[in-house]
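Notes for the one structure printed next.
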Amino acid sequence: METDHKLMIGMILFLSLMVIIQIVSLEYYHLGRYAPEHHLTHPTSFFNAVQSSHIVGESKLTSKGGQEVGSVGVGVSERGFKKERAVGGGDVTLRSLEEILLSAGVEVTDELRNELPPKEDIISMYGSKPNIIGLDRCETFQSTVVKGDGFIAPAGMFNTGTNLLQSLLTQNCYLPDKMEKYGKENTGMRWQVPWGKHSPVSWRLRHSAPSMTTVNQTAVLPALVIKDPYTWMDSMCRHSYAANWKHFEGHCPNLVPITSEESDFLKKHEKGTFNVNVRYRDTNITHHDSLADLYNTWYGDWIDADFPRLIVRFEDLLFHAEYVVEKICQCGGGVLHNDKPFKYSVDSAKKGKAHKGANGLVKSITKYSDKNKRLKSFSREDLAYAVNTISSDIMNTFGYTLPQI
């Protein structure tokens, strides 16, 4: 009798354990933890709360404009996903702009030296160390890709420095396994991800750019470049690429109306902001409330993606290039050339008529390190709208200082 009783208890414990295992398995299945390289990010998905790398303890979830909407324990967003921390540069310190230019082989004249903003300007906008998202997925990428078949490729919205990153990677990084397998000319560096570097992340595994139809997309580590949204919007005014929105002379970035003419135009079209359309193809057009909304959606979807990818700041490609390029290279299974010094991209990495007027290293460093130029093009109304619209989670995660209005 006693034996039967013990047997019954054992069966109950065994069945309870099996139920718990099934529940845990289902949770991981719905979170897309199985075969993450095959996960397709939904086109309308958007992350809600990414942990700031500068916050410990309990974190607050914030909506547009920074309004508090709740609190969660560290590492978990309100959707249930583990939030990523931006990895800082550890012992990396910000060098002076003169030191950076000298390392790049630029002759620093007295005239140029006088044009260089102080290092404190950079720190006030972007901090003193680089920020990188996704380094915790490097091991997953390397373990799931056939040895020698991997690639590293840039991605990013228009005007964010994808050509600069491609130039830096091509000149400094290579994948030893790929060169051993396919020859020394095959370094593993591609100029863009195979679904198109400016395309939404939802195009991964659904679309192939011309000449890349045979590339295994899961074998490509995307190195995504993000840029300060305020300087990015200013850049979009000079080169809009596939984005289109109504412009009025002398007003750009134009997010909201500031004149009666603009107000009348928007009222006529029953709009409150200047809507932006992005024509990736004739049959693939996305619609956004404004440039700020485009930024939120495009980068929010990429941050939401659960396959291996890195996200680096454009500003760090200027001020911490060697550190960032080495981290990207190592993540993809590569190494830097140790037989020659690190090569900077001094001239503009953008070529062709479409990129006319693009900045080289000197112009970029003097422009993006000057805190007085960051918001120079914004009207008071546009700045107020941007501050209340651009995701505070993106701003905090990547260490972008919120403008004062």
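The values are calculated or read from the model by the stated rules, or taken from the named source; none is laboratory data. For clarity, every value in this text was computed on a predicted model and none was experimentally measured. Note: ideal-geometry Cβ built from the backbone for every residue, glycine included; neighbour counts use all protein chains shown. Heavy atoms of the whole protein, side chains included, go into the accessibility calculation; ligands, DNA and RNA do not. Shrake-Rupley method; radii C 1.70, N 1.55, O 1.52, S 1.80 Å.
Values as computed for the structure displayed
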read-out: Size of charge dipole - the range 143-196 - debye, nearest 20, with Cβ of Lys, Arg +1 and Asp, Glu -1, no other charges; value: 20
read-out: Heavy atoms of residue 289 accessible to a 1.4 Å probe, total area in Å² rounded to 10; value: 90
read-out: Theoretical gain in end-to-end length, residue 242 to residue 342 [0.36 nm per residue, Cα-Cα removed]; value: 32.6 nm
read-out: Longest to shortest principal axis, alpha-carbon extents of the range 219-265, angstrom; value: 52, 19, 15
read-out: Derived scalar couplings ³J(HN,Hα) [the range 388-405; Karplus, 6.51 cos²θ - 1.76 cosθ + 1.60; whole Hz; x for Gly, Pro]; value: 8, 10, 5, 3, 5, 5, 5, 4, 5, 4, 9, x, 8, 5, 6, x, 8, 10
read-out: Flagged links, alpha-carbon separation over 32 Å, of 129/246; 271/373; 147/363; value: 129/246; 147/363
read-out: Placed amide H near residue 226: partners under 5 Å, 5+ positions off or other chain; value: 312, 313, 314
read-out: Estimated vicinal HN-Hα couplings, Hz - the range 257-265 in sequence order (Karplus 6.51, -1.76, 1.60; Gly, Pro = x); value: x, 10, 10, 5, 4, 5, 4, 5, 4
read-out: Linear extension gain, residue 111 paired with residue 123, 0.36 nm per residue minus alpha-carbon span; value: 2.0 nm
read-out: Accessible surface of residue 260 - all protein chains present, 1.4 Å probe, nearest 10 Å²; value: 90
read-out: Order of exposure, largest accessible area first, which applies to 107, 315, 120 with probe 1.4 Å; value: 107, 120, 315
read-out: Area of residue 281 that stays accessible when all protein chains are in place (1.4 Å probe, Å², to 10); value: 110
read-out: Radius 10 Å from Cβ of residue 148, net charge of other residues (Lys, Arg +1; Asp, Glu -1); value: 0
read-out: Percentage relative contact order, the range 136-289, counting C-alpha pairs under 8 Å, at least six apart; value: 22
read-out: Long pairs among 340/371; 267/376; 178/340, criterion Cα-Cα beyond 31 Å; value: 340/371
read-out: Computed label-point distance, nm, for sites residue 372 and residue 259 using a 7 Å Cα→Cβ extension; value: 2.7
read-out: Furthest towards positive pole of dipole, 253, 222, 233, structure part the range 211-294, Cβ charges; value: 222
read-out: Whole-Hz ³J(HN,Hα) from phi, Karplus 6.51 cos²θ - 1.76 cosθ + 1.60, for the range 128-135, glycine and proline x; value: 9, 10, x, 10, 9, 9, x, 5
